[in-house]
Amino acid sequence: MKKYDICVIGLGYIGIPTASIFASKGKKVLGVDVLRSRVEGVNAGKSHVGESDIDALMAEAVKNGFLRASSVPESSDFYIVAVPTPFKRLDGGRKIPDLSYVEAATRSVAACIENSQMLILESTSPVGTTSKMRDWLKDELSKLGRLESVDFDSINFAHCPERILPGKMLAELVANDRICGGFTPEAAERAKALYSCFCKGEIFTTDDKTAEMAKLTENASRDVAIAFANELSIVCDKFGIDVWELIKLANRHPRVNILSPGPGVGGHCIAVDPWFIISDAEAQTPLMKAARAVNDGKPDFVVEKVKRAAKNFKNPSIACLGVTFKANVNDVRESPAMEIVSKICDLNLGRVLVADPHVDSLPQHIAGKTEKTSPELAVAGSDIVVLLVDHREFESLSGLLKDKILIDTKGFFPKR
Ligand SMILES: NC(=O)c1ccc[n+]([C@@H]2O[C@H](COP(=O)([O-])OP(=O)(O)OC[C@H]3O[C@@H](n4cnc5c(N)ncnc54)[C@H](O)[C@@H]3O)[C@@H](O)[C@H]2O)c1
């Protein structure tokens with residue numbers, strides 16, 4: 001017998017906000033994670049997301065009894081899958097999607113799923129994944145001997161991708177438009193009805209494959225646009241032109257909108273998702289591949305600049321400001337800033353000081369080779385300052401940069 005309205009599988013950066021907002025609307029929600037610490041954290045009302053409004057919403061939902069967590073799914077009207085979809089690195093630099101987490105999450109509901117319940121995939125996934133979930137579930141039901149007792153065709157499937165921006169997750173969860181892609185039109189409508197309990201944006205229905213491709217398209221499009229900006233920054237460096245001023249001027253054209261360059265492209269989405277298109281459409285994606293190469297190559301360009309600057313000193317101290325993949329968050333996944341710090345350390349150019357007020361500790365392979373300190377001490381003790389992430393806390397440092405060699409990958413500090 002159904003015990004919950006919604007079971008959210010995967011209590012990460014997407015699962016926790018999703019579970020919490022549904023619970024805040026009076027849905028009975030079970031959060032499920034394979035990590036014991038996540039389950040215990042949620043049941044204690046403590047979220048690791050690091051966004052105060054989400055953390056408070058979750059604590060409230062747990063306190064009011066609408067949200068609890070467990071390591072196994074239980075019967076629910078809806079199962080929302082929000083597990084990681086990383087890529088696997090193959091020889092030769094190719095990257096292919098790793099769907100093992102989605103498969104495991106799908107199979108995990110086979111023991112409890114009942115007629116007319118619904119699986120919704122929120123994880124960003126390659127085209128065809130929702131359809132694969134049907135196959136995995138059917139296979140697992142058959143293995144458990146439940147295929148005779150469950151009316152498989154009464155189970156609905158949909159892909160409802162998430163577009164929220166880290167740092168503004170709760171506001172975007174409510175305000176963003178959504179796409180609900182159903183394996184059948186009925187499934188799309190059913191998903192739409194579910195999300196409309198909190199979503200104030202417009203909800204569009206389509207089929208599952210179009211929804212999968214739409215999410216990938218959004219991120220691939222941004223990757224290509226950022227690659228143009230990053231390539232421009234490299235060209236401008238060669239010509240001795242300030243790329244930030246250039247872009248500001250070019251963007252005064254009424255139909256031009258160039259994005260901002262940076263140290264590379266990171267995070268769990270933009271640096272990953274284009275590969276989900278490329279891996280299934282190699283011959284059709286020369287532009288997306290080129291964009292990935294430009295963005296993946298930008299950290300090396302920054303490291304080269306640091307190397308050149310270091311030649312001005314006998315034993316330089318290098319302050320690296322920021323290690324997260326973007327400003328004002330604590331997420332370091334696929335972070336180009338972290339890659340740059342790691343490469344600078346490996347070059348043994350001198351003393352490396354790292355400051356990031358959003359990150360408590362550095363990964364082991366870097367921690368032993370650097371000194372983590374406050375932004376002010378890092379800058380004060382350095383010859384070269386490398387701004388890698390535009391965290392708001394770094395704004396106050398601009399007065400301390402006199403006499404330093406500054407490599408500002410984000411155009412963050414006022415021009416000197
Ligand atoms: N983080 C973002 O800003 C963002 C934005 C849009 C889309 N997405 C997509 O959402 C998905 C989830 O991303 P995330 O950032 O929340 O990932 P995450 O790594 O923060 O969280 C995923 C959670 O799933 C758990 N998990 C893994 N396998 C499981 C299983 N079989 N059963 C139960 N739990 C399991 C992990 O332990 C982890 O806690 C990804 O596909 C990502 O691309 C993320």
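Exposure proxy for LEU11, LEU99: other Cβ atoms within 10 Å of each Cβ, ordered fewest to most, give LEU99, LEU11. Helix 52-63 and the longest principal axis of the Cα set of the chain meet at an angle near 30°. Rounded, prolate or oblate: which one fits the stretch 4-217, using the alpha carbon gyration tensor with axes a ≥ b ≥ c (rounded when a/c is under 1.5, else prolate when a/b beats b/c, else oblate)? Rounded. Compute the Cα gyration tensor for the chain, then decide on rounded, prolate or oblate, letting a ≥ b ≥ c be the square roots of its eigenvalues: rounded whenever a/c is under 1.5, prolate when a/b is larger than b/c in the other cases, and oblate in all that remain. It is prolate, given that a/c is not under 1.5 and a/b is the larger ratio.
Using only Cα atoms, locate the centre of the stretch 6-44 and the centre of the stretch 388-414, then give the distance between them in Å, rounded to an integer. The stretch 6-44 and the stretch 388-414 have Cα centres spaced 38 Å from each other.
Identify, among SER196, PRO166, SER20, the residue whose Cα sits farthest towards the positive end of the charge dipole of the stretch 4-217, taking +1 on the Cβ of Lys and Arg and -1 on the Cβ of Asp and Glu, with the dipole about the Cα centre. The listed residue farthest towards the positive side: PRO166. For LYS25, list the lysines whose Cα falls under 30 Å from its own Cα; do not include residues on the same chain fewer than 8 positions away. Those lysines meeting the cut-off are LYS2, LYS3, LYS46, LYS63, LYS168, LYS192, LYS200, LYS209, LYS215.
Give me the lysines in straight-line cross-link reach of LYS248: C-alpha distance below 18 Å, same-chain residues under 8 apart excluded. Correct list for LYS248: LYS410, LYS415.
About the centre of its Cα atoms, the chain shows a dipole size close to 940 debye [charges on the beta carbon of Lys, Arg (+1) and Asp, Glu (-1) only; nearest 20 debye]. Taking the longest Cα principal axis of the chain as reference, the axis of helix 286-310 is set at about 40 degrees. Close amide H partners of LEU406, meaning residues 5 or more places away or on another chain with modelled amide H under 5 Å apart, are VAL385.
Picking from GLY240, GLY31, GLY350, which is most flexible by a Gaussian network model of the chain using Cα springs under 10 Å? The residue with the greatest mean-square fluctuation here is GLY240. Helix 208-239 and the long axis of the chain differ in direction by around 0°, with both axes built from C-alpha atoms.
For LYS314, the lysines whose Cα comes closer than 23 Å to its Cα, not counting residues fewer than 8 places off in the same chain, are LYS305, LYS343, LYS369, LYS372, LYS402, LYS404. Remark: the SER52-ASP242 segment gains 64.7 nm on full extension, using 0.36 nm per residue and subtracting the alpha carbon distance. When the helices of the chain are scored as -39500 (n - 2.57) per DSSP H run of n ≥ 4 and the total is divided over every residue, the value at 222 nm lands at -12000 deg cm²/dmol. The mean sequence separation of alpha-carbon pairs under 8 Å and at least six residues apart, normalised by the residue count of the chain, gives a relative contact order of 11 percent.
Each of ARG222, ARG94 was scored by other Cβ atoms within 10 Å of its Cβ. Arranged with the fewest first, they read ARG94, ARG222. Taking 7 Å steps out from each Cα toward its Cβ at LEU35 and LYS311 produces label points 4.3 nm apart. The GNM of the chain, with springs linking C-alpha atoms under 10 angstrom apart, assigns the highest mean-square fluctuation among LYS369, LYS248, LYS132 to LYS248.
About the centre of its Cα atoms, the stretch 62-200 shows a dipole size close to 580 debye [charges on the beta carbon of Lys, Arg (+1) and Asp, Glu (-1) only; nearest 20 debye]. Candidates LEU246, CYS269, ILE258 compared by Cα position along the dipole of the stretch 231-309: farthest toward the positive end lies LEU246, with charges placed on Cβ. Approximating the spin labels as points 7 Å out from Cα along Cα→Cβ, the ASP91-to-ASP360 distance works out to 4.1 nm. Scanning residues 5 or more positions from SER335 or on other chains, those with amide H under 5 Å from its amide H are GLY267, with H placed 1.01 Å from N in the peptide plane.
Taking every DSSP bridge with both residues inside the stretch 4-217, close to 15 percent are antiparallel. Electrostatic bookkeeping for LEU353 treats Lys and Arg as +1 and Asp and Glu as -1; over the other residues with beta carbon under 9 Å from its beta carbon, the sum is +1. Sparse packing (at most 15 other Cβ atoms within 10 Å of the Cβ) combined with a DSSP loop state is found for the following chymotrypsin sites (Phe, Trp or Tyr not before Pro) in the stretch 251-331: PHE313.
Once amide H atoms are built 1.01 Å from N in the peptide plane, which residues 5 or more positions from CYS320, or in another chain, come under 5 Å H to H? Placed amide hydrogens put LEU353, VAL354, ALA355, VAL386 under 5 Å from CYS320.
Rule-based calculations on the coordinates, nothing more; no lab input. Since the structure is predicted, the reported quantities are computational estimates derived from the model, not experimental observations. Note that we place each Cβ from the backbone using ideal geometry, even for glycine, and neighbour counts take in every protein chain shown.
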